[in-house]
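Report on the following structure.
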Amino acid sequence: LVARDLHPHDTIVSIGGVAFGGRAVPVIAGPCAVETREQLFNSASAVQAAGAKVLRAGAYKPRTSPYGFSGHGPEGLRLLREVADELSMPVVTEVMDTADVDIVAAHADALQIGARNMQNFPLLRAVGRTDKPVLLKRGLSAKIEELLLAAEYILAAGNDQVILCERGIRTFETATRNTLDLNAVPYMKQRTHLPVVVDPSHGTGIRDLVGPMALAAAACGADGLLIEVHENPSVALSDGAQSLYPDQFAALMPRVSAVLAAV
Ligand code: PEP
Ligand code: MN
């Protein structure tokens, strides 16, 4: 179902009216996690003012340590919907558990499957039974083939609104949080009709590398970008080191447009 040879034309996936897979390259942005209403609103309005089309923040956070901030859950979802509506922005947020699919789908315009759950097959089937678009992130150690087969689970369950996300993979290199595999973008564009977005934030883990890799992603054919931006990354409860300051994001956006105009 995901293969391009049987379905040659590009699938366009709409998140609340924002199209991925067409001519435009929309940017999804926001803080890693919903922390407070003020933090979410300030971060969201800043990214919107700079040109981001879709808001993203987590209410359920998969944290490596069980003692890390793991999100506000249902209260985070409520805040996300409230701020998204106030700004008239669609919102995508992660669902980690099959038991939460209904409540997340009731609050969000699109469902994110995080890297750690890319091969959670019951969860893939559950989001495949919803009518919400799915942003499917590549697993930390997943081959491209495995990402495509994870997407296949969602399509096979009846939902063809899937956006693939390259977010870096684990390699021998430890200088960066992950190794952003930009090869995957043109490769997957050949193999599948689904849109492919790039997340240079988790791909690098280092704020000052996010901009250059966002530009590279735009140059190699990404259908969208996912960038973490926090009103004040120095106090972020998760992923502060890779989160852009609002003014950095605002400076990056016209450069992304310039790359897109050049390629
Ligand atoms: C996230 O998007 O904040 C996240 C946890 O990403 P990943 O699943 O790619 O690690
Ligand atoms: Mn994050």
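The values are calculated or read from the model by the stated rules, or taken from the named source; none is laboratory data. Small disclaimer: the values here were computed from a predicted structure and weren't measured. Every residue, glycine among them, receives a Cβ derived from its backbone with ideal geometry; neighbour counts consider all protein chains shown.
At-a-glance table
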| read-out | value |
| --- | --- |
| Leading residue by the ranking (farthest from ligand 2 (Cβ to nearest atom)) among those in the stretch 105-135 that are within 13 Å of the chain's Cα centre (by Cα), under 21 Å from ARG81 (Cα atoms) and not in a loop (DSSP other than H, G, I, E, B) | VAL134 |
| Counted residues, the stretch 31-44 - those being in contact with a helix residue (DSSP H, G or I) (Cβ under 6 Å, 6 or more places away or on another chain) and closer than 17 Å to GLN248 by Cα | 2 |
| Index of the failed condition, GLY68 passing every other in (1) within 16 Å of ligand 1 (Cβ to nearest atom); (2) surrounded by 14 or more Cβ atoms within 10 Å (Cβ to Cβ); (3) touching a residue at least 24 places away in the same chain (Cβ under 8 Å); (4) not aliphatic (A, V, I, L, M) | (2) |
| Residue count for the stretch 83-99, restricted to those that are within 16 Å of ligand 1 (Cβ to nearest atom) and either among the β-branched types (Val, Ile, Thr) or crowded, with 22+ Cβ neighbours inside 10 Å (or both) | 6 |
| Any chance GLY22 is part of a loop (DSSP other than H, G, I, E, B) and crowded, with 24+ Cβ neighbours inside 10 Å | no |
| Residue that is nearest to ligand 1 (Cβ to nearest atom), among those in the stretch 210-234 that are closer than 17 Å to ALA46 by Cα and assigned to a helix (DSSP H, G or I) | PRO233 |
| Long-range neighbours under 8 Å by Cβ, at least six apart or interchain, first residue buried (at least 17 other Cβ atoms within 10 Å of the Cβ) within the stretch 116-132, second of a type in the set (Lys, Arg) and at pLDDT 95 or above | MET118/LYS137; MET118/ARG138 |
| Matching entry among GLU166, GLU173, GLU231 (being within 16 Å of ligand 2 (Cβ to nearest atom) and either over 16 Å from the mean Cα position of the chain (by Cα) or surrounded by fewer than 23 Cβ atoms within 10 Å (Cβ to Cβ) (or both)) | GLU231 |
| Residue among ILE15, ILE103 that is on the phi < 0 side of the Ramachandran plot, out of contact with any strand residue (DSSP E or B) (no Cβ under 9 Å at 6 or more places or on another chain) and β-branched (Val, Ile, Thr) | ILE103 |
| Those residues of the stretch 216-263 which are over 25 Å from ALA19 (Cβ atoms) and of a type in the set (Ser, Thr, Tyr), in sequence order | SER234, SER238, SER243, TYR245 |
| Residue match in the stretch 202-209 (condition: more than 18 Å from VAL13 (Cα to Cα), touching a residue at least 24 places away in the same chain (Cβ under 8 Å), of a type in the set (A, V, I, L, M) and within 16 Å of ligand 1 (Cβ to nearest atom)) | yes |
| Condition met for MET253 (part of a helix (DSSP H, G or I), within 16 Å of ligand 2 (Cβ to nearest atom), surrounded by fewer than 24 Cβ atoms within 10 Å (Cβ to Cβ) and within 18 Å of the chain's Cα centre (by Cα)) | no |
| Flag if ASP102 is of a type outside the set (Gly, Ala, Ser), more than 16 Å from ligand 1 (Cβ to nearest atom) and not in a helix (DSSP H, G or I) | no |
| Matching entry among LEU155, LEU80, LEU148 (being assigned to a helix (DSSP H, G or I), more than 14 Å from the chain's Cα centre (by Cα), in contact (Cβ under 8 Å) with a residue 40 or more places away in the chain and buried (at least 23 other Cβ atoms within 10 Å of the Cβ)) | LEU80 |
| Test for GLU231: is it in contact with a Ser or Thr (Cβ under 9 Å, 6 or more places away or on another chain) and free of Cβ contacts under 8 Å to residues at least 12 places away in the same chain | no |
